[in-house]
Amino acid sequence: RKQKSSEKLRQEAKLQQIAANSGVAPNIIDVDTVSKNIIMDRMDKHLLETIEKQDGNLTKAHQKQIITIYKNLDNAGVFHADANLLNYMFKGKQLYIIDFGMAKEITNELVRKLGTTTPNLHIMTLGLILKLKEMNCPPSSYEYLAKFIPDDQREKFIIY
């Protein structure tokens, strides 16, 4: 966004580079604070394209890659905070997460506020499952992901 401050853009790039160092996001090549762009490694395609080509199915292998991304982000201390399906991209067969515009550092204050030390694993997983349900993806598309959602949340959001 053109109205995004240079400081906010640099913070977004910093959090993405932390994630990149954990192997779950593209490396940052440059940050252009004038045109408000973050230049990163080139990706091949969106996860959404793959889901559409597979008749709305998200394979168990892809679900496992997503959980690995979330665990690595939690370990790196970065909460992504945006489960939009367009934020998942492939380079070859490797899945990455992009767009750290809503990301935050996982601090003690954030942990208290969200009620979890692993916000990506718990909150992002729930958000992604709800997006898949909204797209009428079959339950097999989030069956593995659902294992990482607490029972009360599965009941509340009717995730079986």
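Things to note:
- Helix-only arithmetic for the chain: the sum of -39500 (n - 2.57) across DSSP H runs with n ≥ 4, divided by the residue total, places the mean residue ellipticity at 222 nm at -12000 deg cm²/dmol.
- Sparse packing (at most 15 other Cβ atoms within 10 Å of the Cβ) combined with a DSSP loop state is found for the following trypsin sites (Lys or Arg not before Pro) in the stretch 1-49: Arg1, Lys2, Lys4, Lys36, Arg42.
- Sum of side-chain charges, Lys91 neighbourhood, beta-carbon under 11 Å (Lys, Arg +1; Asp, Glu -1): +1
- In terms of overall dimensions, the stretch 1-130 has a Cα radius of gyration and Dmax of 14.6, 42 angstrom.
- For the chain, the per residue solvent-accessible surface stands at 55 Å², with DNA, RNA and ligands left out and a 1.4 Å probe.
- In this structure, the amide hydrogen of Asn27, modeled 1.01 Å from its nitrogen in the peptide plane, lies closer than 5 angstrom to those of Asp41, counting only residues at least 5 positions away or on a different chain.
- Nonlocal amide H pairs with Val78, under 5 Å, H built at 1.01 Å: Ile106
- Qualifying lysines (Cα of each under 28 Å from Cα of Lys53; at least 8 residues distant if same chain): Lys45, Lys64, Lys71, Lys91, Lys93, Lys131, Lys133, Lys147
- Residues of the stretch 134-160 with amide N under 13 Å of a point placed 7 Å along Cα→Cβ from Leu85: 134-139, 141-142
- Length released on extending from Phe157 to Lys4, taking residue separation times 0.36 nm less the Cα-Cα span: 51.7 nm
- Carbon plus sulfur fraction of accessible area for the chain, probe 1.4 Å, in percent: 49
The values are calculated or read from the model by the stated rules, or taken from the named source; none is laboratory data. Keep in mind the model is a prediction, meaning the values are calculated, not measured. All Cβ positions, even for glycine, are placed from backbone atoms using ideal geometry, and neighbour counts span all protein chains on display. Side chains included, ligands, DNA and RNA excluded: accessible areas come from the protein's heavy atoms. Shrake-Rupley method; radii C 1.70, N 1.55, O 1.52, S 1.80 Å.
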